[in-house]
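Colleague: Here you go, one structure.
What follows is calculated from the coordinates using simple rules that are stated; it is not laboratory data. A quick note: this is a predicted structure, and the numbers were derived from the prediction, not measured. Ideal geometry is used to build each Cβ from the backbone, glycine not excepted, and the neighbour counts take in all protein chains shown.
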Amino acid sequence: MNHKKAILLMAYGTPYDLTDIMAYYTNIRHNHQPTPELYNDLVARYKAIGGTSPLAKITQAQADALQKKLNKTFPDQYEVFVGLKYIHPFIKDAVDQIASQGIQTIYGIPLAPHYSTFSTEDYHNRAKAALAAYDGIKYIPAKSWWENDDLIHFWSDQLTDLASLTEQETTQVIFSAHSLPLKIIETGDPYKAQIEANIHAIAAAADLKANQYTIAWQSAGRTGDQWIGPDFVEVAKDLIQNKGFKHIVSASIGFISDNLEIRYDVDIELKAAIENSGGTLTRLRMPNADEPLINALESEVERLYTMES
Ligand code: FEC
């Protein structure tokens, strides 16, 4: 038996190169191949950001940095694993690896800080389904960790540093998170409420007044559903074209990593819409594998340890 505990970091995953896109997209669509139009549209977005997303490297860097930090604070107690939702190494692969090492306890942490039945609960369900093949491995899930002070201050510190910009009457901060189909929220899912509470907490920490920021949603999927809105591109255009704003600060607080939704949806699509309307865009940095994010993950490990004991 192995006395260590496994930290299973679970993330979305991203194609490693253009040839992975069909299988990846088919997995996202619950085993239905995308139409040629949808497929070509996604390929074009990856090509526009250089062919691949930085997400794969960042997810691994987050795991490596957390392992290093845990080794220092709690020597010989934790082993960090990565399991992905839509591409290898899948969550099941990571669970199999953990089981093969004789580890008896897993702390499951989604690399997405807000809880949703659609996103984070699905990570846990995949881990639990894989664990059904093994007896006696304890699984302790992290529900949501957006309230972590290091993470809140990661965002608010950047806004404080931009005070000379955000205090101008012609500047508006747009906070955004990934949209979800409205039908998910209507079942009582707390995702939207958590995102809004997170935004108000960041704004309060940065001393923003209510008229200095707006909440909007980004990256709605190409499905027939109605999604949570308003969409951040429409909001930004309206602020510049109709409300007298000139500068937009984008804070994409629903994500922790640079990925396609940041590099394409914000850096290309949102930027073009703003500039074509006569405005300018400043985007806040993402947490990636920087110290505040790794501190937040370590705090989550400590919280799960307390819950377990
Ligand atoms: O390669 C990259 O860097 C992008 C990775 C990526 C992340 C991500 C995060 C979230 N998504 C969420 C919800 C949905 C829903 C659908 C959906 C579809 C896509 C498609 C791609 C994609 N997502 Fe994603 N998402 C990423 C990538 N997502 C590609 C398919 C093409 C497109 O629509 O753009 C609709 C499909 C469905 O119903 O299943 C809904 C949520 C998150 C944030 C939480 C998390 O990271 O788990 C919510 C990163």
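Colleague: Pairing the Cα long axis of helix 291-308 with the longest principal axis of the chain, what angle in degrees results, from 0 to 90 and rounded to the nearest 10?
Modeller: Around 50 degrees separate the two axes.
Colleague: Considering only DSSP beta bridges with both partners in the range 149-283, what is the antiparallel share in %, to the nearest 5?
Modeller: So the antiparallel bridges amount to about 5 percent of the total.
Colleague: Something else now. Below 18 Å, Cα to Cα, which aspartates and glutamates can Lys128 reach? Residues fewer than 8 away in the same chain don't count.
Modeller: The qualifying aspartates and glutamates are Asp93, Asp96, Glu308.
Colleague: Convert each backbone phi in the range 202-217 into a coupling constant with the Karplus relation 6.51 cos²θ - 1.76 cosθ + 1.60 (shift: θ = phi - 60°), then list the ³J(HN,Hα) values in order as whole Hz, x for Gly and Pro.
Modeller: Calculated HN-Hα couplings, in order: 5, 4, 5, 5, 9, 6, 7, 8, 4, 7, 9, 9, 9, 9, 9, 10 Hz.
Colleague: Near Lys72, which aspartates and glutamates are there with a Cα under 18 Å away, not counting those fewer than 8 places off in the same chain?
Modeller: Asp64, Asp290, Glu291, Glu298, Glu300, Glu302
Colleague: Peptides 146-157, 278-289: what's the order by average Cβ count within 10 Å, highest mean first?
Modeller: Packing order, densest peptide first, comes out as 146-157, 278-289.
Colleague: Kindly state, as a whole number, the per residue volume in cubic angstrom of the convex hull around the alpha carbon atoms of the range 1-144.
Modeller: Value for the range 1-144: 115 Å³ per residue.
Colleague: Okay, moving on. Pairs to check: Lys4/Lys143; Lys47/Lys69; Lys68/Lys192; Lys4/Lys85; Lys209/Lys271. Give those whose C-alpha atoms are more than 27 Å from each other in this structure.
Modeller: Result: Lys47/Lys69; Lys68/Lys192 exceed 27 Å.
Colleague: So, one more: Can you sort Thr73, Thr187 so the residue with the fewest Cβ neighbours within 10 Å comes first?
Modeller: Thr187, Thr73
Colleague: Give me the tail of P(r) for the chain as a percent: Cα-Cα pairs with distance above 36 Å.
Modeller: In whole percent, the long-distance tail amounts to 18.
Colleague: Still on this structure, I have one more. Run through the DSSP bridge list for the chain and note the antiparallel percent, rounded to the nearest 5.
Modeller: Bridges in the chain that DSSP calls antiparallel: roughly 5 percent.
Colleague: Mind pulling the angle between the C-alpha long axis of helix 36-48 and the longest principal axis of the chain? Nearest 10 degrees, somewhere in 0 to 90.
Modeller: Once rounded, the angle reads 80 degrees.
Colleague: Cβ under 11 Å from Glu300's Cβ, Glu300 left aside: what net charge do those residues give with Lys, Arg +1 and Asp, Glu -1?
Modeller: Neighbour charge sum, excluding Glu300 itself: -2.
Colleague: On to the next question. Need one word for the range 149-283: rounded, prolate or oblate. Basis is the Cα gyration tensor (sqrt eigenvalues a ≥ b ≥ c); a/c below 1.5 gives rounded, then a/b vs b/c decides.
Modeller: It comes out oblate by the Cα gyration axes.
Colleague: Here is a follow-up. Multiplying the sequence separation of Arg222 and Thr35 by 0.36 nm and subtracting their Cα-Cα distance, what value in nm do you get?
Modeller: 66.2 nm
Colleague: Under the definition of Cα pairs under 8 Å and six or more residues apart, what whole-number percent is the relative contact order of the range 149-283?
Modeller: Relative contact order, the range 149-283: 32 percent.
Colleague: Taking only Cα atoms, what is the 0 to 90° angle, nearest 10, from helix 55-73's long axis to the longest principal axis of the chain?
Modeller: 60 degrees
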